[in-house]
Amino acid sequence: MRLFFHELAAQQRIFWRSREAAFFTFLLPIIFLVLLGSIYGDRDTIGGVNAGTYLLAGLLGYGIVSTAFAGLAIQLVVRRESGVLKRVRGTPLPPGVYLSAVIGSMLLVIGLEAVIQLMIGRFLIGADLPQSPGAFVFTLLLGTVAFAALGLALTGLVRSAEGSSAIVNAIYLPMVFISGVFWSTESMPAFLRTIADILPLTYLLELMRHVFLEEDALSESLGAIAVVSVWGAVGVVLALRMFRWEPREGMSGT
């Protein structure tokens, strides 16, 4: 555990020293919440739900995906291609401890971001707070672990650091819009609703919104929990098969 906490502290320092990471994965969901929340009035609704609450729950989900999925995938591809992961593999630090610390650092970022979003939502745009703090924490943990696993798996498909942002953004940005972060999927064309029905973020957002609206959200959202968990399990299986510690550019075969 001592090694883990030492590496966790190191990962936190690395994250906050990167202005790009701090902006795009930490500040951007908060900025979106302030901007979009200021557009809607206290009586406006989205999908039959108070607009502020709807946006708050959606942007909490967006923060999880942008940090645990997109941010993690890009970060690890850059480290892999620059040789950092290969050097880490050659140190006494166990690979599992290193990856756990990286994901743990992302979880701390998501937790801090969530606290700020809840405060902005409650005091600036009139959003409700979660009905069950325990269910809210569970949802953050489940979403972070599931999307981190998918992010690790995605690194196996990206061959270069230069292409990492383009490939990751091409996957996660459409998912953000189609899954209903900013608006209800009920207003989208049928073919987009069909796509939304298979995306993991759709079910994470469903669970998150239930947490804000229902006291017994977890028992009422077993289907959503199952889908997110299955996607996370798929991510773990693919990550075990596809994740690489050595640079991939110029490699043949794998």
Filter the range 219-232 for residues that are free of Cβ contacts under 8 Å to residues at least 60 places away in the same chain and closer than 21 Å to Gly151 by Cβ; the one that is surrounded by the most Cβ atoms within 10 Å (Cβ to Cβ) is Ala224
From the residues in the range 6-25 that are surrounded by 17 or more Cβ atoms within 10 Å (Cβ to Cβ) and at pLDDT below 85, which one is farthest from Ser100 (Cα to Cα)? Phe24
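Quick one: which residue in Thr45, Thr53 is open to solvent by less than 10 Å² (accessible area, probe 1.4 Å), closer than 28 Å to Glu206 by Cβ and among the β-branched types (Val, Ile, Thr)?
Thr53
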Which of the residues spanning the range 45-90 are outside any helix (DSSP H, G or I) and modelled with pLDDT under 90? Thr45, Ile46, Gly47, Gly48, Val49, Asn50, Gly90
Residues satisfying the stated conditions in the range 26-44, i.e. under 14 Å from the mean Cα position of the chain (by Cα) and at pLDDT below 85: Phe26
Within the range 100-129, of all residues that are over 16 Å from the mean Cα position of the chain (by Cα) and without any contact (Cβ under 8 Å) to a residue 60 or more places away in the chain, the one most open to solvent (accessible area, probe 1.4 Å) is Phe123
Do we find a residue being at pLDDT 90 or above, open to solvent by less than 60 Å² (accessible area, probe 1.4 Å) and assigned to a helix (DSSP H, G or I) anywhere in the range 243-252? no
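Residue by residue, here is whether (1) of a type in the set (Gly, Ala, Ser); (2) touching a Leu at 6+ places or on another chain (Cβ under 8 Å); (3) over 23 Å from Ala196 (Cα atoms) holds:
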site	(1), (2), (3)
Ile116	no, no, yes
Arg122	no, yes, yes
Gly126	yes, no, yes
Leu142	no, yes, no
Val145	no, no, no
Gly156	yes, yes, yes
Ser160	yes, no, yes
Ala170	yes, no, no
Ser179	yes, yes, no
Modelled with pLDDT under 90, part of a helix (DSSP H, G or I) and polar (S, T, N, Q) - does that describe any residue in the range 176-186? yes
Mind checking which pairs have a first residue in the range 157-171 that is farther than 15 Å from Thr67 by Cα and a second that is modelled with pLDDT under 90 and among the hydroxyl-bearing types (Ser, Thr, Tyr), Cβ under 6 Å, 6 or more apart or different chains? Val158/Ser164
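The values are calculated or read from the model by the stated rules, or taken from the named source; none is laboratory data. Not measured: the values here are computed from a predicted model. All Cβ positions, even for glycine, are placed from backbone atoms using ideal geometry, and neighbour counts span all protein chains on display. Calculation scope for accessible area: heavy atoms of the full protein, side chains included, ligands and nucleic acids excluded. Shrake-Rupley method; radii C 1.70, N 1.55, O 1.52, S 1.80 Å.
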